[in-house]
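Right, one structure below, let's go through it.
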Amino acid sequence: MAVATPLDASDALPEQTVDAVVIGGGAAGLNGALILARSRRSVVVIDTGSPRNAPAQAVHGLLALDGTPPSEILRRGREQVRRYGGRVVSGEVVAAEPAAPSADGDLRFTVTLADGRSITARRVLVATGLTDVLPQVPGLAEHWGDSVVHCPYCHGWEVRDEPIGILATGPASIGHAYLFRQLTEDLTYFTHGTDLDEDSRARFAARGIRIVDTPVTEVVNDAGGALAGVRLADGQVVARRVLAVGPRMQARTQGLEGLGLPVQDLPVGRGFASGTAGATEVPGVWVAGNATDPVAQVGASAAAGALAGADINRMLAIADTDAALQGIAEGSPQGATG
């Protein structure tokens with residue numbers, strides 16, 4: 001009977017140049033690594049072990065895996081990558097940058113970890129994910145991923161029929177309210193200093209969504225520590241069991257500055273710019289998952305990683321063929337002249 005590898009287990013970092021380094025071991029990074037490993041590419045995943053969805057009890061909306069704890073999905077993913085010869089290394093990347101090309105002109109990159117170790121790779125897949133930046137409301141962060149939620153598709157069913165409050169953070173919160181209204185008849189929209197136009201107010205009224213314009217000053221708990229409501233600036237407490245908030249989503253870019261990847265501002269945050277299959281304008285570097293698509297759920301992130309992995313393998317196959325042709329030409333007088 002096979003013994004499952006612990007989630008915190010770390011493989012040795014190879015000394016030789018590998019085909020690809022994947023920075024970030026969430027759904028996008030692991031699925032990209034899986035595609036590469038199954039294509040007989042040498043691939044190393046470097047991960048800090050701090051996934052964005054760690055506070056959540058389960059992943060939802062993922063076909064065949066709905067309700068699975070995030071840690072279990074990561075454990076299975078790492079196990080599957082290793083099954084095909086891929087390596088998963090625990091570590092924090094502090095520098096990643098282009099290196100001198102190989103003798104045949106192929107690209108090279110150097111990735112350095114916080115402990116001083118480094119690895120050279122032909123291609124890089126950035127799948128670092130993002131950080132959710134919550135409003136600075138006392139007591140809010142402690143309930144994140146439980147009774148403070150952001151995605152109606154990730155958490156909506158679990159909070160259905162509860163008294164829900166929308167803590168507005170900007171224009172996108174208006175659409176948020178319509179989606180959560182589908183889940184409960186008891187919905188309150190806290191404008192919290194944001195603008196709410198008259199048309200939206202009329203539409204909210206038509207759907208029975210209560211509007212509170214007084215700013216929220218803190219989250220209130222019950223005697224057992226569960227979320228019980230919010231306190232307003234005038235001292236009033238509005239009872240709520242769930243708060244939905246759209247955080248600002250910031251791609252994890254630390255340590256990657258040397259790659260020179262372009263970033264873009266999005267309605268919900270900031271992420272790396274990418275094109276087809278996650279390719280970037282920096283040759284040899286791809287991005288996938290929440291680092292470039294902040295609203296992607298686990299399934300979409302995994303699919304993006306798979307597309308990127310396949311595209312990396314395609315480009316490596318072209319580079320291998322170019323190198324083979326160059327070797328023939330350099331070794332043959334006829335090829336050299338002709």
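Tell me, which residue of the stretch 173-196 that is under 24 Å from the mean Cα position of the chain (by Cα) and surrounded by fewer than 17 Cβ atoms within 10 Å (Cβ to Cβ) is farthest from Ala233 (Cα to Cα)?
Selected residue: Leu179.
Please tell me if Asp265 is at pLDDT below 95 and either open to solvent by 40 Å² or more (accessible area, probe 1.4 Å) or closer than 17 Å to Val124 by Cα (or both).
Here the answer is yes, as Asp265 does meet what is asked.
Among the candidates Ala303, Ala279, single out the residue that is modelled with pLDDT of 95 or more, more than 30 Å from Pro101 (Cα to Cα), of a type in the set (Gly, Ala, Ser) and surrounded by fewer than 20 Cβ atoms within 10 Å (Cβ to Cβ).
Ala303
Consider only pairs whose beta carbons are under 7 Å apart and that are at least six residues apart or on different chains; among these, list those whose first residue lies in the stretch 200-214 and is closer than 18 Å to Leu243 by Cα and of a type in the set (Ser, Thr, Tyr) and whose second residue is at pLDDT 95 or above and open to solvent by 50 Å² or more (accessible area, probe 1.4 Å).
Thr214/Ala233; Thr214/Asp234
In the stretch 31-58, how many are open to solvent by 10 Å² or more (accessible area, probe 1.4 Å), within 15 Å of the chain's Cα centre (by Cα) and in contact (Cβ under 8 Å) with a residue 12 or more places away in the chain?
10
Name the strands (runs of 3 or more DSSP E) wholly within the stretch 98-155 that hold at least 2 residues that are open to solvent by 20 Å² or more (accessible area, probe 1.4 Å), closer than 28 Å to Asp320 by Cβ and of a type outside the set (Lys, Arg)?
Ranges flagged: 108-113, 118-126.
Out of all the residues in the stretch 71-88, which are within 22 Å of Gln254 (Cβ to Cβ) and in contact with a Pro (Cβ under 9 Å, 6 or more places away or on another chain)?
Answer for the stretch 71-88, where residues must be within 22 Å of Gln254 (Cβ to Cβ) and in contact with a Pro (Cβ under 9 Å, 6 or more places away or on another chain): just Leu74.
Is there a residue being out of contact with any Pro (no Cβ under 9 Å at 6 or more places or on another chain), in a helix (DSSP H, G or I), small (Gly, Ala, Ser) and at positive phi anywhere in the stretch 301-308?
No, that holds for no residue.
Kindly provide the set of residues from the stretch 19-70 that are more than 19 Å from Thr120 (Cα to Cα) and in contact with a Pro (Cβ under 8 Å, 6 or more places away or on another chain), ordered by number.
Across the stretch 19-70, the qualifying residues are Gly26, Pro51, Asn53, Ala54, Ala56, Gln57, Ala58, Val59, Pro70.
Confirm whether Pro294 is touching a residue at least 24 places away in the same chain (Cβ under 8 Å), under 12 Å from the mean Cα position of the chain (by Cα) and surrounded by fewer than 24 Cβ atoms within 10 Å (Cβ to Cβ).
yes
The values are calculated or read from the model by the stated rules, or taken from the named source; none is laboratory data. Keep in mind that what you see is a predicted model, and the values were worked out from it rather than measured. Reconstructed Cβ throughout: ideal geometry from the backbone, glycine too, with neighbour counts over all protein chains shown. Each accessible area value is taken on the protein alone, full model and side chains, heavy atoms only, with ligands, DNA and RNA left out. Shrake-Rupley method; radii C 1.70, N 1.55, O 1.52, S 1.80 Å.
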